[in-house]
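Report on the following structure.
The values are calculated or read from the model by the stated rules, or taken from the named source; none is laboratory data. Please read these numbers as outputs of a predicted model, since none were measured by experiment. Cβ placement follows ideal geometry from the backbone for every residue including glycine, while neighbour counts extend to all protein chains displayed. Calculation scope for accessible area: heavy atoms of the full protein, side chains included, ligands and nucleic acids excluded. Shrake-Rupley method; radii C 1.70, N 1.55, O 1.52, S 1.80 Å.
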Amino acid sequence: RDIQRNLSLLGYNTRGIDGIFGPGTRRAIGDWQKAERFDETGFVTREQIALLDEQAERRAAELEAEAERRRQEQLAQDLDYWDQTGALGDESGLRAYLKRYPDGEYSELATERLAVIEDRKRNRANRRDRQLWDQVSEVNTAEAYRVYLEQYPDGAFREEAQARLNQLERNAENAEANARYAREEAAMNLSPRTRQVVESRLKSLGLRPGSVDGVFDDDTRRAIRRYQSARNMEETGYLSEAVVVQLMADSVRQIFR
C-alpha cells in the first residue's frame, strides 16, 4: 500500500491502493523504473523502495505547499469580493457573494444572514404572499418556485425563489455526474472510523467539515470541495482514490485498513 501510495503521489496510476500488485501496479512500477533509468522489471528492490519513498515524501510536501499558496490566493480574492458584496449586509450583495463563492470563507455567514432577512420579509409580507411562499418552500421543487414567481413576480420572496430555482436546476444538471462520484466513493468501502479520520484531517486543515462523526453531511461535502479547490482538483465534494492519496498522504494505512 505504501508503494502504491507513493507511486500515485508521483503520478503513476496503480489502479488501486489495496496492497495487491496486479497488472496496474506492475505497469506503474515499470513506468517509474523507466523514468529513473532502472531496468523495467515491474518489481522493486530495497534500494528502489527507499528512493520511491523519499521522492513521494518530497512530492507530498510540494503538493501541500502548492495547495497552501493557492488557498491563500483564493482567500484573498474571496475576502475582496466579500468586502464588495456580502459585507454590506443587503440581500442582493449576499446572494451575489454566494453565487460566486457557494463554498467560500463566508458562505455559512451569508446563508445565516439571508435566513434572517427572509424571516423579516415573512413578517412584512402580505398574508397570501406568505402563505404561498410557505407552501412552495415545503414542496421545494423547481416547478413550485416557478409557480411562485409567476403569481408574485414582485413578491417579497422573489430573490430567494429565483436563487432556489437556479440551485435546483444546477442540481438536476449535475445529478448524473454526482451519482457517478457517489458510486466511486462508495466503491472504496470506507469504514465509519475511516470517514472520521477523513473529517478529522479536513478539520485540521481549517476546512470546517462539521462534526467529526463519520457522517458526510453538507458541511463535510463543502469541506471536501474546498480541499479539492485548493489543490486544483475537480470540485465534486466526493472522495476518490486520488483525493484520498493527497488528503491522507502521511497516513494511508488508516484510510485503506
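Picking from 237, 214, 206, which residue would you name as being closer than 27 Å to residue 144 by Cβ and part of a loop (DSSP other than H, G, I, E, B)? Steps first, please.
Numbers: 214 fails: closer than 27 Å to residue 144 by Cβ; 206 fails: closer than 27 Å to residue 144 by Cβ.
It is 237.
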Please determine whether any residue of segment 17-26 is open to solvent by 60 Å² or more (accessible area, probe 1.4 Å), outside any helix (DSSP H, G or I) and of a type in the set (Val, Ile, Thr). yes
Note: among 36, 47, 73, just one is open to solvent by 40 Å² or more (accessible area, probe 1.4 Å), closer than 30 Å to residue 226 by Cα and not hydroxyl-bearing (Ser, Thr, Tyr), namely 73
What number of residues in segment 88-98 are in contact (Cβ under 8 Å) with a residue 40 or more places away in the chain and loosely packed, with under 14 Cβ neighbours inside 10 Å? 1
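Which residue, of 104, 30, 42, is without any contact (Cβ under 8 Å) to a residue 40 or more places away in the chain, open to solvent by less than 40 Å² (accessible area, probe 1.4 Å) and either basic (Lys, Arg) or in a helix (DSSP H, G or I) (or both)?
Sole residue among the options that is without any contact (Cβ under 8 Å) to a residue 40 or more places away in the chain, open to solvent by less than 40 Å² (accessible area, probe 1.4 Å) and either basic (Lys, Arg) or in a helix (DSSP H, G or I) (or both): 30.
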Here is a check on your reading of the model: is residue 179 open to solvent by less than 30 Å² (accessible area, probe 1.4 Å), without any contact (Cβ under 8 Å) to a residue 12 or more places away in the chain and assigned to a helix (DSSP H, G or I)? no
Please enumerate the residues belonging to segment 61-86 that are over 30 Å from residue 6 (Cβ atoms), under 18 Å from the mean Cα position of the chain (by Cα) and among the acidic types (Asp, Glu). 78
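Looking only at segment 1-16, which residues are β-branched (Val, Ile, Thr) and part of a helix (DSSP H, G or I)?
Initial filter on segment 1-16 (β-branched (Val, Ile, Thr)): 3, 14.
Residue satisfying the conditions is 3 alone.
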Residue pairs meeting the criteria (Cβ under 7 Å; at least 6 apart or on separate chains; first of a type in the set (Lys, Arg), in segment 63-82; second open to solvent by 50 Å² or more (accessible area, probe 1.4 Å)): 70/232
Matching entry among 164, 130, 122, 113 (being closer than 19 Å to residue 94 by Cβ, more than 32 Å from the chain's Cα centre (by Cα) and either surrounded by 11 or more Cβ atoms within 10 Å (Cβ to Cβ) or among the small types (Gly, Ala, Ser) (or both)): 122
I need a count of the residues in segment 133-161 that are in contact (Cβ under 8 Å) with a residue 40 or more places away in the chain and either surrounded by fewer than 17 Cβ atoms within 10 Å (Cβ to Cβ) or not acidic (Asp, Glu) (or both). 0
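Answer with yes or no whether residue 57 is over 25 Å from residue 232 (Cα atoms) and out of contact with any Asp or Glu (no Cβ under 8 Å at 6 or more places or on another chain). Before you say what the answer is, go through the steps one by one.
Working: over 25 Å from residue 232 (Cα atoms): no; out of contact with any Asp or Glu (no Cβ under 8 Å at 6 or more places or on another chain): yes.
Here the answer is no, as residue 57 does not meet what is asked.
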When the residues of segment 197-240 are filtered to those that are among the aliphatic types (A, V, I, L, M) and closer than 15 Å to residue 101 by Cα, which remaining residue is surrounded by the most Cβ atoms within 10 Å (Cβ to Cβ)? 224
Regarding segment 215-234, can at least one residue be identified that is over 13 Å from the mean Cα position of the chain (by Cα), closer than 26 Å to residue 105 by Cβ and either at pLDDT below 90 or among the β-branched types (Val, Ile, Thr) (or both)? yes
Among the residues of segment 185-205, is any on the phi > 0 side of the Ramachandran plot, over 16 Å from the mean Cα position of the chain (by Cα) and without any contact (Cβ under 8 Å) to a residue 40 or more places away in the chain? yes
